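Student: Below you will find the structure I want to go over with you.
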Amino acid sequence: MPFFSAPKLTDAEALRGYARVLVRSGLTDDAACVAEVAVAAREDAGLPDAEEEARRLVRREREALWADQARWPARTDYDALQDALAVLRDAGLAVLQGVDDHWGATAVLRAAEPGSLRGVVWFTPADVWHAVDHGMLELNTWHPDSANVADGDPLCTEVLAALDTHGLAAHFDEGRIEVRAFWHRRLTDPEPVSGVEAGGA
């Protein structure tokens, strides 16, 4: 995955931002988060103690998430999204959350038995990272032949309806479905990353 960065950020700020979205996305375990951040720390930020810094940042971001989620409502946008996606899955669509790219979605469609899937809904880690802080998640929706849905076609309407039923505002725009939702996925384990001291800046 690419180093998470933004204009006018220092290397330290960008590195912490990368750790933040990795932890809050919940798409990988702590070990994978540390490994990804260590790569960025070493190759992009040029830190000699990349592994140690990665562990510190991942632990710090887990602690911040654990504190933040105590203030979230009982039902978050993430919960609503999971319910909507479960409805679509039950209706015969494949649902791929945090798939690397369009090739992953294509592979699922090609591997499926003819007629077994009505389509696929998918989004990438970068889409999740955007939803972590900006409250908007972009979904790709394809027909079984990998053709993208168009505004107003039945499959697009079905996905929009499932989202709306679960309280999520969404609309089709430039080939994708934009969902107004923050990715507020809870940690279930309060224990920090092992071997890293708490605190620090």
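The values are calculated or read from the model by the stated rules, or taken from the named source; none is laboratory data. Computed from a predicted structure; not experimentally measured. Don't worry about glycine lacking a Cβ; one is built from the backbone with ideal geometry, like all the others, and counts go over all protein chains shown. Ligands, DNA and RNA are stripped out before the accessible areas are found, and what is left, the full protein with its side chains, is counted by its heavy atoms. Shrake-Rupley method; radii C 1.70, N 1.55, O 1.52, S 1.80 Å.
Student: Count the net charge of all other residues whose Cβ sits under 12 Å from the Cβ of Val87, scoring Lys and Arg as +1 and Asp and Glu as -1.
Tutor: Working: positive: Arg89; negative: Asp83, Asp90, Glu158, Asp164.
Local charge sum for Val87: -3.
Student: Another question, if that's okay. Nearest 5 is fine: what % of DSSP beta bridges in the chain come out antiparallel, could you say?
Tutor: Approximately 70 percent, going by the DSSP bridge assignments.
Student: Could you quote the convex hull projected area for the chain, Cα atoms only and averaged over all directions, in nm²? List each step's numbers first, then the result.
Tutor: On the way: hull surface 49.7 nm².
Over all viewing directions, the chain projects a mean Cα-hull area of 12.4 nm².
Student: Beta carbons within 10 angstrom, averaged per residue: use that to sort the peptides 66-78, 158-170, 16-28, highest first. Working shown, then result.
Tutor: On the way: 66-78: 12.5, 158-170: 18.2, 16-28: 22.4.
In decreasing order of mean packing, 66-78, 158-170, 16-28 become 16-28, 158-170, 66-78.
Student: Here is a further query. Can you give me the accessible area per residue for region 50-178, using a 1.4 Å probe, in Å²? Show your work: numbers first, answer last.
Tutor: Numbers: 6140 Å² over 129 residues.
Heavy-atom accessible area per residue stands at 48 Å².
Student: Let me ask something additional. Can you work out the FRET efficiency for the pair Glu43 and Ala86, with r the C-beta to C-beta distance and R0 = 35 Å, to the nearest 0.05?
Tutor: Working: r = 38 Å, r/R0 = 1.10.
With a Förster radius of 35 Å, E is 0.35.
Student: Same structure, new question: Cα axis of helix 30-43 to longest principal axis of the chain: angle in degrees, 0 to 90, nearest 10?
Tutor: 70 degrees
Student: Also, I was wondering about something else. Among Cys156, Val34, Leu96, whose Cα projects farthest towards the positive end of the dipole of the chain, with charges put on the beta-carbon of Lys, Arg (+1) and Asp, Glu (-1)?
Tutor: Farthest towards the positive pole: Val34.
Student: Carbon and sulfur atoms: what percent of the 1.4 Å accessible area of the chain do they account for?
Tutor: Numbers: 5370 of 10320 Å².
Answer for the chain: carbon and sulfur cover 52 percent of the accessible area.
Student: Going by Cα centres, region 149-189 and region 100-128 are how many Å apart?
Tutor: 16 Å
Student: Continuing with the same structure: Hey, can you grab everything whose amide H is under 5 Å from the amide H of Leu96? Only 5+ residues off in sequence or another chain; H modelled, so Pro and N-termini drop out.
Tutor: Long-range HN contacts for Leu96: Val121, Trp122, Phe123.
Student: Enumerate the calculated ³J(HN,Hα) couplings along region 49-63 in order (Karplus 6.51 cos²θ - 1.76 cosθ + 1.60, θ = phi - 60°), each rounded to whole Hz, writing x wherever the residue is Gly or Pro.
Tutor: 9, 4, 5, 4, 5, 4, 4, 4, 5, 5, 4, 4, 6, 5, 5
Student: Ok, one more. Tell me the angle of helix 154-165 to the major Cα principal axis of the chain, expressed in degrees between 0 and 90 and rounded to the nearest ten.
Tutor: For 154-165 against the chain, the angle is about 60 degrees.
Student: Then there's this: Which ³J(HN,Hα) values in Hz, rounded to whole numbers, follow from the phi angles of region 73-80 under the Karplus curve 6.51 cos²θ - 1.76 cosθ + 1.60, where θ = phi - 60° and Gly and Pro get x?
Tutor: Residue by residue, region 73-80 yields x, 4, 10, 9, 4, 4, 4, 4 Hz.
Student: Using modelled amide H (1.01 Å from N, peptide plane; none on Pro or chain starts), what sits under 5 Å from the amide H of His184, excluding residues fewer than 5 places away?
Tutor: Asp77, Tyr78
Student: Using helices alone, I'd like the mean residue ellipticity at 222 nm for the chain: each DSSP H run of four-plus residues gives -39500 (n - 2.57), total over residue count, nearest 500. Don't skip to the end; give the middle numbers.
Tutor: Values: 7 runs with 95 residues, N = 201.
The helix contribution divided over the chain gives -15000 deg cm²/dmol.
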